[in-house]
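Engineer: Here it is, the structure, as structure tokens.
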Amino acid sequence: MTDKKKNTEELIIEAKSFFEVYKKEIGESRRKGRRVVFVNFDDLSSHSPVLAEALISSPEEIMTILETALEETGIGLKNTRIRFNNLPETQKVKIRTIRAQHLNQFIFFEGLVRQASDVRPQVINAKFECPSCGTVISVLQIEKKFREPTRCSCGRKGQFNLLSKTMVDAQRLVIEESPDALIGGEQPRRMSVFLNEDLVEPVMEEKTTPGSKVRILGILKEVPVPLPSGSISTRFDLAVEANNLIPLESTYEDLEISEEDERQILEISQDPELFKKLRESIASSIWGYEEIKEALVLQMFGGVRKISPDGTTSRGDIHLFLIGDPGVAKSVTLKFISLIAPRGRYIVGKAATGAGITATVVKDEFLKGWALEAGAMVLANNGVVCIDEIEKMDAQDRSAMHEALEQQTVTISKANVQASLSARTSVLAAGNPKYGRFEPTQSITEQIDLPPTLLNRFDLIFVLRDLPNKNQDNAIATHVLNIHQRKDKKPEIERELFKKYVAYAKQKIEPKLTDDAVEEIKNFYVKLRNHQASGDSHSIAISARQLQGLVRLAEAHAKSRLSLTVERQDAQTAIRLTTYYLMQVGYDPETKKFDIDRFTTRISSSQRNKILMLKETLKKMEERFGKQIPIEDLRKEIGEEMTDLEFEEAIEKLKEKGDLFQPKQGFLQEISGRG
């Protein structure tokens with residue numbers, strides 16, 4: 001016994017000398033008023049290998065020694081907890097490899113939070129008074145069952161008075177292995193983790209929402225399993241008592257920016273070629289696509305979310321859609337963005353369901369009820385969701401996205417769960433044309449299996465075409481082969497600095513529109529709206545939804561310059577990108593005008609006007625020929641107004657809609673009651 005006591009005293013002296021060296025970190029937590037000191041394991045092992053070794057084998061004992069030593073030095077606050085930031089790699093385990101040999105050891109593992117219970121108080125110590133002699137007895141509450149003293153020194157058994165209870169907040173998480181750590185078709189395993197005190201503060205709770213990726217450092221404990229008879233089973237459950245929880249994903253708002261980072265960020269923002277450098281830092285392994293990369297930069301920064309006086313909100317997130325030929329690096333771009341953006345999620349159309357994208361209600365085996373499980377768009381709140389091969393998703397699954405794209409919420413009403421979840425997510429989607437390659441003469445909706453209502457919600461739509469061009473092919477070949485030779489040059493702005501630059505802009509900058517920018521956008525909008533084909537009142541070049549998109553893009557460009565105002569130059573960049581995309585998808589070659597109907601409906605307005613003309617001619621001819629009208633006479637009547645191909649197309653469209661049918665060869669008849 002004396003040896004053990006002597007050993008403990010020696011360890012306390014060792015720990016005190018360590019904290020003398022660690023004064024700076026302790027002072028910092030004291031300044032912030034925190035009752036927690038974060039310790040780096042490497043610092044402890046380099047200062048005192050004895051303490052470090054003892055910590056791994058008997059963590060609870062050493063933790064008590066460290067906390068006692070810290071209190072005795074008088075540097076920290078009273079009751080200060082010690083949390084470790086890291087542990088040696090030898091202590092890293094996978095949830096599936098945890099065995100009895102790890103019991104009472106200090107281990108760490110990574111995984112996804114699957115379920116999180118409510119934070120509730122838990123008794124850790126209770127004081128009782130003996131009614132006979134007045135002695136105060138303290139009882140530590142370690143087990144689940146509340147323990148009272150069995151006997152007093154005066155001989156009394158039972159019936160003690162409870163004086164006080166010491167309580168802490170506690171929470172239980174269920175951590176599941178993350179999919180990237182699994183081999184082949186393994187089922188992910190789960191582990192219960194208990195958190196208490198500062199680990200369940202509201203700030204931490206935000207980081208442990210279901211779906212978050214975390215690293216858990218803690219002590220493995222056995223949990224007795226009670227049998228129905230009241231006795232304890234020979235089989236025990238395992239649980240981890242967390243010493244520290246480190247979130248592995250952070251949103252832009254959480255990224256910590258040091259003074260050195262801020263100095264670098266402000267220095268970059270003054271660079272006249274800033275936007276070019278930001279653009280070239282995006283997927284530098286892909287050659288070209290300047291406009292698309294510019295749009296991706298703007299998507300990272302995003303516009304400003306606004307709440308109007310009547311309570312309605314207009315989103316600040318920018319949605320992009322890429323459609324293109326095979327082999328133009330769409331998936332590479334999406335994968336890159338999902339990795340660089342905090343809370344980036346990458347999903348593939350065929351393997352995604354509506355529940356997996358938005359949210360679903362599942363039976364909760366722990367709480368014996370219904371629980372809500374968040375899908376990718378909710379998990380990527382304040383991040384980016386990259387959806388590849390969006391056209392291969394089932395139509396009903398895609399419809400779940402409509403609300404998330406515009407209202408930025410996901411509403412669930414299933415079983416007894418009614419909830420509205422926040423999904424402030426930017427969406428970057430990619431799709432392939434139906435017939436393998438993009439055909440510029442056809443409208444975009446004819447080439448991709450997406451409803452116009454969904455397409456209309458994207459701020460910019462880009463067509464990536466693979467066309468032979470000697471100079472371009474030469475440049476691409478050189479670029480690709482240089483990468484394979486490992487000769488590729490580093491991006492202008494390093495990935496970590498790029499992340500911090502975007503985070504700084506998102507945290508600090510909320511640009512306001514200036515009159516110059518408003519005038520620029522207004523002129524462009526009005527000019528396009530009124531730039532109609534002569535005498536054609538049906539053609540719409542641009543809609544109010546595109547106008548909002550222009551504002552978002554201009555705000556994002558101002559953010560990229562760290563400017564508090566949206567100037568004329570920001571509006572011009574937004575207009576340039578919008579014009580570029582309208583030229584690709586909204587240009588009607590027949591009227592040589594922009595026509596929004598080419599991608600928001602399946603028929604361009606010039607085509608619609610021809611169909612209307614055909615229907616009117618049919619009505620007139622009914623007076624002369626009766627119900628059945630010869631196709632030849634109808635063709636003569638229309639004459640030069642339509643080409644033969646347009647005439648046949650218009651008839652096919654009316655047949656598809658069920659307005660016309662052919663009662664016999666060479667004749668057309670309108671279906672009565674319609675038109």
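The values are calculated or read from the model by the stated rules, or taken from the named source; none is laboratory data. Worth saying up front: this structure is predicted, and the values here are computed from it rather than measured. Here Cβ is always computed from backbone atoms with ideal geometry, including for glycine, and neighbour counts include all displayed protein chains.
Engineer: Determine, yes or no, whether Asp595 is at pLDDT below 70 and either polar (S, T, N, Q) or touching a strand residue (DSSP E or B) at 6+ places or on another chain (Cβ under 9 Å) (or both).
Structural biologist: Against the criterion (at pLDDT below 70 and either polar (S, T, N, Q) or touching a strand residue (DSSP E or B) at 6+ places or on another chain (Cβ under 9 Å) (or both)), Asp595 qualifies.
Engineer: With the structure loaded, tell me whether Arg552 is at pLDDT 85 or above, under 23 Å from the mean Cα position of the chain (by Cα) and either assigned by TED's automatic domain parsing to the domain that holds Arg305 or among the polar types (S, T, N, Q) (or both) or whether it fails that test.
Structural biologist: yes
Engineer: Separate question: Under 7 Å between Cβ atoms, at least 6 apart or on separate chains: pull out the pairs that start in the stretch 630-655 with a residue that is modelled with pLDDT under 70 and end on any residue that is part of a helix (DSSP H, G or I).
Structural biologist: Glu641/Met613
Engineer: Sticking with this one: Any idea which of (1) touching a Leu at 6+ places or on another chain (Cβ under 9 Å); (2) outside any loop (DSSP other than H, G, I, E, B); (3) at pLDDT below 85 is the one Gly303 doesn't satisfy?
Structural biologist: Answer for Gly303: the failing condition is (2).
Engineer: Kindly indicate the residue of the stretch 484-524 that is among the β-branched types (Val, Ile, Thr) and modelled with pLDDT of 85 or more and also surrounded by the most Cβ atoms within 10 Å (Cβ to Cβ) among those meeting that condition.
Structural biologist: Ile521
Engineer: Taking Gln141 as the residue in question, decide whether it is over 38 Å from the mean Cα position of the chain (by Cα) and surrounded by 16 or more Cβ atoms within 10 Å (Cβ to Cβ).
Structural biologist: yes
Engineer: A further question on this structure: Which residues, taken from the stretch 301-319, are touching a residue at least 60 places away in the same chain (Cβ under 8 Å) and out of contact with any Ser or Thr (no Cβ under 8 Å at 6 or more places or on another chain)?
Structural biologist: Gly303, Val304, Thr313, Arg315, Gly316
Engineer: Still on this structure: Restricting attention to the stretch 286-300, which residues are of a type in the set (A, V, I, L, M) and not in a loop (DSSP other than H, G, I, E, B)?
Structural biologist: The answer is Ile292, Ala295, Leu296, Val297, Leu298, Met300.
Engineer: Kindly indicate the residue of the stretch 306-338 that is assigned to a loop (DSSP other than H, G, I, E, B) and in contact with a Phe, Trp or Tyr (Cβ under 7 Å, 6 or more places away or on another chain) and also nearest to Glu291 (Cα to Cα) among those meeting that condition.
Structural biologist: His319
Engineer: Which is more than 30 Å from Thr312 (Cβ to Cβ), of a type outside the set (D, E, K, R), at pLDDT 80 or above and not assigned by TED's automatic domain parsing to the domain that holds Val174, of Ala329, Ala430?
Structural biologist: Among Ala329, Ala430, only Ala430 is more than 30 Å from Thr312 (Cβ to Cβ), of a type outside the set (D, E, K, R), at pLDDT 80 or above and not assigned by TED's automatic domain parsing to the domain that holds Val174.
Engineer: Next up: What do you reckon, is Thr573 modelled with pLDDT of 85 or more, closer than 27 Å to Leu298 by Cα and of a type in the set (Val, Ile, Thr)?
Structural biologist: When the stated conditions are applied, Thr573 passes them.
Engineer: Report every pair of residues separated by at least 6 positions or lying on different chains whose Cβ atoms are under 6 Å apart, first residue within the stretch 140-165 and over 25 Å from Pro224 (Cα atoms) and modelled with pLDDT under 75, second among the charged types (D, E, K, R) and not in a strand (DSSP E or B).
Structural biologist: Once the first residue is over 25 Å from Pro224 (Cα atoms) and modelled with pLDDT under 75 and sits in the stretch 140-165, no partner that is among the charged types (D, E, K, R) and not in a strand (DSSP E or B) comes close enough.
Engineer: Next question, about the same structure. Any chance you could count how many residues in the stretch 192-225 are within 24 Å of the chain's Cα centre (by Cα) and either closer than 15 Å to Arg83 by Cα or touching a residue at least 60 places away in the same chain (Cβ under 8 Å) (or both)?
Structural biologist: Selection size over the stretch 192-225: 14.
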